[in-house]
Structure formats: structure tokens, C-alpha cells
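Since the structure comes first, as C-alpha cells, the remarks are kept for the end.
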Amino acid sequence: MSSWLDKIMPSMIRSETHQRTTVPEGLWKKCPKCNAFLYRPELEKNQDVCPKCQHHLRISARRRLDIFLDPEERHEIGTELEPTDRLKFKDSKRYKDRLSQAQKASGEKDALVAMSGKVRGIPVVACAFEFNFMGGSMGAVVGEKFVQGVNIALERGIPLVCFSASGGARMQEAIISLMQMAKTSAALERMKQRGLPYISVMTDPVFGGVSASLAMLGDLNIAEPFALIGFAGPRVIEQTVRETLPKGFQRSEFLLEHGAIDMILHRGEMRRRIASLLAKMQNLPALEPAPEDEIVDVDEEEA
Amino acid sequence: MNPYYLDFEQPIAELEAKIEELRLVGNDTDININDEINRLKSKSVSLTETIFSDLTPWDITRLARHPKRPYTLDYVDLIFDDFDELHGDRRFADDHAIVGGIARLEGEPVMIIGHQKGREVKEKVKRNFGMPRPEGYRKACRLMEMAERFNMPILTFIDTPGAYPGIGAEERGQSEAIAWNLALMSRLKVPVLSTVIGEGGSGGALAIGVCDRLYMLQYSIYSVISPEGCASILWKSAEYASQAAEAMGVAAERLKALGVADRVIGEPLGGAHRNPELMATHLKAALVEGLAELKGIPSDELVQRRYERLTAYDSGR
């Protein structure tokens, strides 16, 4: 009885009486939107979507691709790429130290993971931003890996899907990171000229240099529900215009309303819907229903 | 303090004030003080040379933003003939923070696109301090596509603190407008030559700056975020702007060393605003030379070379 009580007790109360380490780290997670305490295994089974309010929590790049791609025939792209501190950048900390810290924290070498693989049997290149790696910021490695992904898509004549989650360009790489906006956009223009589909999926959050380049250039721009997406951050805007921002400003629903994105998709139906869209865009036969379609429990009205 | 001079220029300002004083005295006395004036004048020149030979990136940032600095339309007047300004994005509005139009450079038709700041309060507001909204980028897009149709080289002039961070700008797709131009410019079949004449503020600058050749004026800057913005995020206070400017390496020479800028165009002693005519002469010569090089390249090769240039912005392997 007491152990059951322990489990549902909010962690802030718990931590007063117990050592942090005695509770398995992160067995419970608080939904940042509805504040409900969620049992982690349950949450994971639901692809990190809050079962109470359908809020889409942030997930890692690798998890994202794992949920999205077929389990077979995955090949990671650009694994040899490693960031370097070309400018010897130092603020309160050295960029070099920030990099190794981020690598340790995220388990990734930089903020983008790219793979070739299949989605419901359709060959694709898919990449995802790792928000835990310096806020998913785009520097030279992100740009180069993205372009390597595009090059594979071009070679094989297959579509590209990118899941973005990023604060923007990486300040510590200064002008070189700004140039990644031009680099990734130029590569995407080649996809377009070749008539190969590019689907951009924006997940919470997407801002600055990533929003103003690869994220907004999809043949289809898709967003997860309630993701914060924009060019300038809300605080910067508020300080500039000295007005209260409208309700729901820069959320996916706001972007849909203003014509910036094609649709909002629930994480649970992302795989099926994108596969079906790609099939139509490439004039492939309609997809067979799969057993996985049944398990996905999506409240249509919520989504 | 003379506001026309920046703080690091104050010794020059004092000397210039003294010269001016002597001149006034000289006018209503018989004493010949010309020798003294000339002596002070040459002292002022060498003092300026000394001060300007050792500017920090932050000093250069402030020169790049100097209120007297020539803006795009000043160079249009001084360098080009027969300029017809073209207005509007055909969708929503005409953004006065970006100007564009057709002119002649030594007789050759060219498309000009540039950020435009204002000098007096009313003009500053009209130009939105050189911060474009999506309409500005879409106007630029329209003009660039037109230039391609009529086979005109495109000359862009970069001078913006950044794209405008406003509610309407977001509603109308600031990100998309910038991204669209980046993609478009990568495949234009006509030469694109961009010059940073003042401030190159982030994506708002790059959105008219994807090019075959990038020139920077000696005291111009180009960066991924303003030094103040960088400082307030990484140092938690905008007061560290000079450190941020240093760390990011915002000045022209540094960008040339990194291979981002192709050419740094020297400014008159004390900066472009001390002698806009001379600055324009240097810039014009560089533009004519640059376009002559680019015009000889077949368009397919031009596009391919631009693509290679863009994709070479390097990964740290």
C-alpha cells in the first residue's frame, strides 16, 4: 500500500523524505501542459504523448526515427562527422567543453541523426534533430549531415523526411552556422528540381535559422500539435513590439490558421499518414492496412 | 561629446574642434595661423590613422551602424545611372526596409536589391530601422526572378540589424519568406554579387545574400546573431556585446579569413561616412570588376559553382 502511494506521490514531495537516488530516476514524469503525473512505461507505450491531455512531449532524435522507420534496413548516415571548434569560441564556457558535455548528455556527436530506411515499405531518407544537444542548434555538422542525407535521396531518387526541433543556428559557430541555412536550402532546392518529395515535420520547438531554412521548405509542412514554431522567439517579439502576444501565438494551430503548414498530425498517426502521403506523391499503389494501425489510439477531435 | 564621433574617436573630435576654432580666429585677425592649422590637420590625420589601425570588432560594429554611414540608396545615387525603383510584393504590401529596382552600371542593366535604413526619425520609422517584414523578402524574390527572366545580373546590398521580430511578420510567414529566398537564390541563372555595406544581421541579411561573390566593406559586419543578442543569451547580459563581437569574429577581415567573404573593400580614412564619394568610387570599381568576371561564366556552370560554394561551408571533420 505504501509503495503504491509512493509511486503516485508527486516527486517534489517525495524528494523531501527520500534520497533522489532511491527512486528509479524518471519513473514518473510530469506532463508540462496538464501537469498530470505520468507513469513512464505507460507514457513510452503511448509514444510520449500524454494520455490525459494528448500533449506531445519532446523525444530524442533516435527515438523519433525508431518510431517512424520500419525496423529493417536502417542505415545511419554521416556517422563519421564530428564537430570542431574552428573559431575557438569561448563565452562563460569553452565551446569545446559545451560540445563534450552535450555529447555526454545526449549520446550523440551532434544535433542531427540521419538514416536511410523505409517507412511502410517506401524507401526514404529520414533525419531528426536532437533537441538535447545544445537545443538542437544547427552548426556545420548538422548542415553537412543533412546535405549528405539529401545526396543519398538524390542518388537513389527517394523522398526525404525531416523532423526538426531546434532553437536555431548555433551561435558558437558564428557565421559558419549562418551559412548552413543557405547550404541546406540549396540542397533542398535540388530535391525540388528533381521532383523528389520533401516532407518537413516540425516538432516542439522550431525557431530561427532552422525555421527560416530547411523546416519551412517542405513540399508538405507538417507539425505536431501545440508545437511552438516561429522565426523570432516570443520574448524577443514581446520586447520589440511591447504588446501582449495573441493567444496561441506561434503554436501549430496558429500556423495552420495562417497558412504556414499543411496539417497537424498526431504522433500516433505520423508514420501511417506520411507513408500514405509519400505513396500518393510518388504515384505508388495505396498502402495495405497494417496491424499497427489498430493499436494507435488517436482521439480525432483532439488531434 | 560630439555625437558625430564615436567614443574611441573623441581625441580626433577634440583636435578637429581646435582646428575649427583656429579657423574662426584666423578669419578676423591678421595673424597668419595657417601653418598652425596645417600642423594640426596633419596631426589629426595621423591620429585617425593610429586609432583606425587598431579597432576592435566592437568598434567596427559601431562604425557599421554609424548614423551617417551611406545606405543603399546613397550608393545607388553615387554608383548607378537611370535607376527605376520597383515597389511591392504583389501580395500584401510594399516594404520600405528593402528597396529594389533596375538601373545601369556603366551602361549595363542590373537589378539592385538592398536593405534601406532611414536617417531622420520619420524616415527611420518608414524604413522600420532596416528590418524587413516578409513582404520585403517577397518583393526581393519577385525582383530576382524578374532579373533572371531578363538576364540581368543581381547586385544586393546588405545592411540590416535583422528580419523584423513582430506579430504580423510571424503571421505572414517571416521564416518561410527567408527560407524561400535562400532556395531561390541558390539556383538563379544570373550572376549574384552581394556587398555588406553596414550590418549583416543574421537570416534577415542572408535572405538577400546567397551569392557568387560576397564583398564586405572594411568596417561592415556579418554575423549569425547581433553581438547584443549573443551576449544576452550566452553571457546573460547585453553588456557583454563587445566580448560577443570578439568571440563571433563579426568583422570583414575575419570573415575573409574564414573564406566567407571574397573581398574586403577598403574604406576612406575614418570610415565610409567621412567620404561617401570616395567610398562609392572604390565600391563601383569592385562591382564592375566582379561582374565582368561573373558574366563570362556560362549559366549552368555559374549555378553549379554557386552550389559548390554553398555546400562547402565546412563541416569540422
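Take segment A:70-84 and flag every residue that is of a type in the set (D, E, K, R), closer than 11 Å to A:V141 by Cα and touching a residue at least 40 places away in the same chain (Cβ under 8 Å).
From segment A:70-84, those of a type in the set (D, E, K, R) are A:70, A:72-74, A:76, A:80, A:82; that's our starting set.
When the remaining residues are screened for being closer than 11 Å to A:V141 by Cα, the result is A:80, A:82.
Across segment A:70-84, the qualifying residue is only A:E82.
Does segment B:286-306 include one or more residues that are crowded, with 21+ Cβ neighbours inside 10 Å, within 14 Å of chain A (Cβ to nearest Cβ) and either part of a strand (DSSP E or B) or in contact (Cβ under 8 Å) with a residue 60 or more places away in the chain (or both)?
yes
When you scan segment A:204-215, do you find a residue that is assigned to a helix (DSSP H, G or I) and more than 24 Å from A:M270 (Cα to Cα), even just one? Show your work before the answer.
Of all residues in segment A:204-215, those assigned to a helix (DSSP H, G or I) come to A:208-211, A:214-215.
Next, only the ones that are more than 24 Å from A:M270 (Cα to Cα) stay: A:208-209.
Scanning segment A:204-215, I find at least one residue that is assigned to a helix (DSSP H, G or I) and more than 24 Å from A:M270 (Cα to Cα), so the answer is yes.
Of the conditions (1) part of a loop (DSSP other than H, G, I, E, B); (2) more than 14 Å from chain B (Cβ to nearest Cβ), A:C127 clears all except one; give me its number.
All conditions pass for A:C127, except number (1).
Going through segment A:167-200 one residue at a time, which ones are more than 8 Å from chain B (Cβ to nearest Cβ), surrounded by fewer than 24 Cβ atoms within 10 Å (Cβ to Cβ) and assigned to a helix (DSSP H, G or I)?
Matches in segment A:167-200: A:M191, A:R194.
Could you list, in sequence order, the residues of segment B:271-285 that are of a type in the set (S, T, N, Q) and assigned to a loop (DSSP other than H, G, I, E, B)?
Within segment B:271-285, the subset of a type in the set (S, T, N, Q) is B:275, B:281.
Within segment B:271-285, just B:N275 meets the criteria.
Look through segment A:228-282, keep the residues that are assigned to a loop (DSSP other than H, G, I, E, B) and aliphatic (A, V, I, L, M), and return whichever of them is nearest to the other protein chains (Cβ to nearest Cβ). Even if it seems obvious, please write down each step before you answer.
Of segment A:228-282, the ones assigned to a loop (DSSP other than H, G, I, E, B) are A:230-233, A:242-250, A:258-262, A:265-266, A:282.
With aliphatic (A, V, I, L, M) added as a condition, the list becomes A:232, A:245, A:260-261, A:265.
Numbers: A:A232: 3, A:L245: 7, A:A260: 5, A:I261: 10, A:L265: 19 Å.
Of everything passing the filter in segment A:228-282, A:A232 is nearest to the other protein chains (Cβ to nearest Cβ).
Might you check whether a residue that is of a type in the set (S, T, Y) and not in a strand (DSSP E or B) occurs anywhere in segment A:111-122?
No, segment A:111-122 contains no residue that is of a type in the set (S, T, Y) and not in a strand (DSSP E or B).
Identify all residues within segment B:102-117 that are in contact (Cβ under 8 Å) with a residue 40 or more places away in the chain and surrounded by fewer than 19 Cβ atoms within 10 Å (Cβ to Cβ); write none if there are none. First the steps, then the outcome.
In the first step, residues of segment B:102-117 are kept if they are in contact (Cβ under 8 Å) with a residue 40 or more places away in the chain; the result is B:102, B:105-106, B:108-117.
Hits for segment B:102-117 are B:L105, B:E106, B:E108, B:P109.
Residue by residue through segment B:229-254, note down the ones that are touching a residue at least 12 places away in the same chain (Cβ under 8 Å) and touching a Ser or Thr at 6+ places or on another chain (Cβ under 6 Å).
Those that are touching a residue at least 12 places away in the same chain (Cβ under 8 Å) and touching a Ser or Thr at 6+ places or on another chain (Cβ under 6 Å): B:A245, B:M248, B:V250, B:A252.
Quick one: which residue in B:T160, B:T195, B:T156 is touching a helix residue (DSSP H, G or I) at 6+ places or on another chain (Cβ under 6 Å) and away from chain A (no Cβ under 11 Å)?
Details: B:T195 fails: touching a helix residue (DSSP H, G or I) at 6+ places or on another chain (Cβ under 6 Å); B:T156 fails: touching a helix residue (DSSP H, G or I) at 6+ places or on another chain (Cβ under 6 Å).
The conditions single out B:T160.
B:G209 passes all but one of (1) closer than 21 Å to B:L291 by Cα; (2) more than 10 Å from chain A (Cβ to nearest Cβ); (3) without any contact (Cβ under 8 Å) to a residue 60 or more places away in the chain; (4) not aliphatic (A, V, I, L, M); which number fails?
B:G209 satisfies all of (1) closer than 21 Å to B:L291 by Cα; (2) more than 10 Å from chain A (Cβ to nearest Cβ); (3) without any contact (Cβ under 8 Å) to a residue 60 or more places away in the chain; (4) not aliphatic (A, V, I, L, M) except (2).
Is it true that some residue in segment B:267-283 is of a type in the set (D, E), away from chain A (no Cβ under 11 Å) and buried (at least 23 other Cβ atoms within 10 Å of the Cβ)?
Taking segment B:267-283 first, the residues of a type in the set (D, E) are B:267, B:277.
If we keep only those that are away from chain A (no Cβ under 11 Å) as well, we get B:267, B:277.
Now restrict to residues that are buried (at least 23 other Cβ atoms within 10 Å of the Cβ): B:267.
There is at least one residue in segment B:267-283 that is of a type in the set (D, E), away from chain A (no Cβ under 11 Å) and buried (at least 23 other Cβ atoms within 10 Å of the Cβ).
Could you list, in sequence order, the residues of segment A:24-48 that are part of a loop (DSSP other than H, G, I, E, B), in contact (Cβ under 8 Å) with a residue 24 or more places away in the chain and among the hydrophobic types (A, V, I, L, M, F, W, C)?
A:C31
Of all the residues that make up segment B:39-89, how many are without any contact (Cβ under 8 Å) to a residue 12 or more places away in the chain and in a helix (DSSP H, G or I)?
Restricting attention to segment B:39-89, the residues satisfying the condition of being without any contact (Cβ under 8 Å) to a residue 12 or more places away in the chain are B:39, B:42, B:46, B:50, B:53-54, B:77.
Right, trim to in a helix (DSSP H, G or I) and you get B:39, B:42, B:46, B:50, B:77.
Looking only at that region, the number is 5.
Criterion first (more than 9 Å from chain B (Cβ to nearest Cβ) and not β-branched (V, I, T)) does A:E155 satisfy it?
Criteria met by A:E155.
Check B:S226 against each of (1) within 11 Å of another protein chain (Cβ to nearest Cβ); (2) touching a residue at least 40 places away in the same chain (Cβ under 8 Å); (3) over 22 Å from A:R235 (Cβ atoms) and name the one condition it does not meet.
(3)
Of everything in segment A:216-227 that's part of a loop (DSSP other than H, G, I, E, B) and not acidic (D, E), which residue is nearest to the other protein chains (Cβ to nearest Cβ)?
Taking segment A:216-227 as the starting set, the residues that turn out to be part of a loop (DSSP other than H, G, I, E, B) are A:217-219, A:224-227.
Next, only the ones that are not acidic (D, E) stay: A:217-218, A:225-227.
Details: A:L217: 5, A:G218: 10, A:P225: 19, A:F226: 16, A:A227: 13 Å.
Taking the candidates together, the pick is A:L217.
Read the figures in this text as sums done on the coordinates, not as results from a lab. Quick caveat: nothing in here was measured; it's all calculated off a predicted structure. Glycine gets a Cβ as well: all are built from the backbone with ideal geometry, and neighbour counts include every protein chain shown.
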